[in-house]
Amino acid sequence: MNKNENTKTGVTMEKIVSLAKRRGFIFPSSEIYGGFGAIYDYGPYGVELENAIKAAWWKTMVQKRPDIIGLDSSIFMHPKIWQASGHTTGFADPLAECKKCNARVRIDHLLEDIDVFADEKMSEEEINELFNQHKTKIKCPQCGKSDFSDAKKFNLLVKANLGNFNDDWSKEPTYLRGETCQGIYVNYKNVRDTARVKIPFGIAQIGKAFRNEIAGRQYVFRTREFEQMEMQYFTHPDEEMKEYEKLREARWAYYKELGIKGENLRWSKHKNLVFYAKEAYDIEYNYPFGFKELEGVHARSDYDLSQHMKFSGADLTYTDPHTNEKYTPHIIESSVGVGRTVFAVMCDAYTEEEIDDGDSRVVMKFNKKLAPIKVAVFPLLKNKPELVKKAREIFGALSEQLMCEFDDNGNIGKRYRRQDEIGTPYCVTVDFDTLENSTVTVRDRDTMKQERVAVSELVGYLGT
Ligand code: ATP
């Protein structure tokens, strides 16, 4: 498959990147300075889409779950946390360089593409040995040649000098967090003791994470700054796998509820488990470059709390209030990136349609819950103050409840096309009849049908 064109879905990287830029969803960071590697900014519609995704996640994971509570821990934490978690030593990707075009490549990913799986624990020597066995079958994704340097393991943690005023601060660095869940583990006891929760219970949080990713030209799929939505669920050791199955079901149901097409999602079981994991599956989405990890759902045993007990000296064991049994809770987790979800939702919504007279349109068929703008309000004519006034009044009333947009630019047909491209489910047009009988035209994004609706019934009609 062409790396950037998905022949099954018809969605190409170019189409998504271009629409996202043109319509104000996603911009390359620092563009006027020539961009900044693997960092992106979310524009006016991108931020609305992100907010809607985060709200849907929070509703499913926290609001509707009596057994899960929220947290917002800091980006900076005690540097020892990253030793306990294994990140300062083990959080490293094997990097090689193409000798022909100097592209930097991830050896583990290139091996995966030919169904050879490297273990995260492998030393540089071991990974090079595996790489050498298969080298001739591996081609550089940039130039197609097969001539690579040896692999070097490169640590992904981003270092900082927070609170360290010495010139040689890099010897004792602090770190921008590489994942949000460590903030959950180290607050586990605080939350447990204050939120009156009993095991099993979960802690959820949404926040930024940072990784010195080896640039992969994968758009917002792999960035150096990104946002994670993570939920860590604390269980009795004997209940871990039962709860894990329940979590897998819940996460699959969540994507179905978001309206992601079933054929574009699949489970993928980890072939090489890290030594402490009981089981690990990813939910993969069919991106323009094929099926890749959207979310990880993992059973992590008691590894995380045991490590933090060892490194901090704190007692993180749990004593069951009924049986008095004392144990270290086991953890199952769900972890997904906001950017990867935005990208999946955009690919899934992207539709090109033939309409009347050989004309065509691009329409983003977002689930109505996720659409950045829920309704657009137009005065039929820009130069008729009475229509503009009425349309502004309606905008004022609707925007109390919904994210709306007011648009009086160009003809109505052009305004519809623009709203189609940003995925607005409804357009409301105020015309001269509105002034007479208080009704408006409501146009449906998907069917393109128009209906006359009383202004007093609009909110109900639009489905709030
Ligand atoms: P990959 O194998 O693709 O590098 P990972 O297994 O390292 O991902 P995790 O550490 O399990 O990823 O992170 C959990 C989730 O965070 C991922 O499923 C993904 O949605 C998101 N994520 C991880 N790294 C990035 C990144 N660099 N950019 C955007 N999202 C990311």
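The values are calculated or read from the model by the stated rules, or taken from the named source; none is laboratory data. Note that the structure is a prediction, hence the values are computed from the model and not measured. Every residue, glycine among them, receives a Cβ derived from its backbone with ideal geometry; neighbour counts consider all protein chains shown.
Here are the numbers for this structure:
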{"read-out": "Filter pass, LYS99 being at pLDDT 90 or above and either in contact with a Phe, Trp or Tyr (Cβ under 6 Å, 6 or more places away or on another chain) or not polar (S, T, N, Q) (or both)", "value": "yes"}
{"read-out": "Within the stretch 234-277, considering residues that are under 30 Å from THR317 (Cα atoms), in contact with a helix residue (DSSP H, G or I) (Cβ under 8 Å, 6 or more places away or on another chain) and touching a residue at least 60 places away in the same chain (Cβ under 8 Å), the one surrounded by the most Cβ atoms within 10 Å (Cβ to Cβ)", "value": "PHE234"}
{"read-out": "Selected residue (criterion: farthest from ARG251 (Cα to Cα)) from residues of the stretch 290-303 that are in contact with a His (Cβ under 8 Å, 6 or more places away or on another chain) and more than 12 Å from the ligand (Cβ to nearest atom)", "value": "ASP302"}
{"read-out": "Among the candidates SER268, SER306, residue that is of a type in the set (S, T, N, Q), within 14 Å of the ligand (Cβ to nearest atom) and either out of contact with any Phe, Trp or Tyr (no Cβ under 6 Å at 6 or more places or on another chain) or part of a loop (DSSP other than H, G, I, E, B) (or both)", "value": "SER268"}
{"read-out": "Positions within the stretch 327-364 being away from the ligand (no atom under 13 Å from the Cβ), buried (at least 23 other Cβ atoms within 10 Å of the Cβ) and of a type in the set (D, E, K, R), in sequence order", "value": "ASP348"}
{"read-out": "Selection from the stretch 272-289 of residues that are within 15 Å of the ligand (Cβ to nearest atom) and either part of a loop (DSSP other than H, G, I, E, B) or modelled with pLDDT under 95 (or both)", "value": "ASN272, LEU273, VAL274, TYR276, ALA277, PHE289"}
{"read-out": "Candidates ASP119, ASP108, filtered to the one that is buried (at least 20 other Cβ atoms within 10 Å of the Cβ), among the charged types (D, E, K, R) and over 13 Å from SER146 (Cβ atoms)", "value": "ASP108"}
{"read-out": "Some residue of the stretch 135-142 being outside any loop (DSSP other than H, G, I, E, B) and either surrounded by 13 or more Cβ atoms within 10 Å (Cβ to Cβ) or in the same structural domain as SER312 (by TED's automatic domain parsing) (or both)", "value": "yes"}
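So that you can scan it fast, the table gives a plain yes or no per residue for (1) within 12 Å of the ligand (Cβ to nearest atom); (2) among the charged types (D, E, K, R); (3) touching a strand residue (DSSP E or B) at 6+ places or on another chain (Cβ under 7 Å); (4) within 25 Å of LEU265 (Cβ to Cβ):
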site: SER170; (1), (2), (3), (4): no, no, yes, no
site: GLU179; (1), (2), (3), (4): yes, yes, yes, yes
site: ARG192; (1), (2), (3), (4): no, yes, no, no
site: ASN212; (1), (2), (3), (4): yes, no, yes, no
site: GLN218; (1), (2), (3), (4): yes, no, no, yes
site: PHE226; (1), (2), (3), (4): yes, no, yes, yes
site: MET231; (1), (2), (3), (4): yes, no, yes, yes
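This table checks each residue for (1) within 12 Å of the ligand (Cβ to nearest atom); (2) at pLDDT 95 or above; (3) touching a Pro at 6+ places or on another chain (Cβ under 6 Å).
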residue	(1), (2), (3)
LYS153	no, no, yes
PRO173	no, yes, no
VAL197	no, no, no
ILE203	no, yes, no
GLY207	yes, yes, no
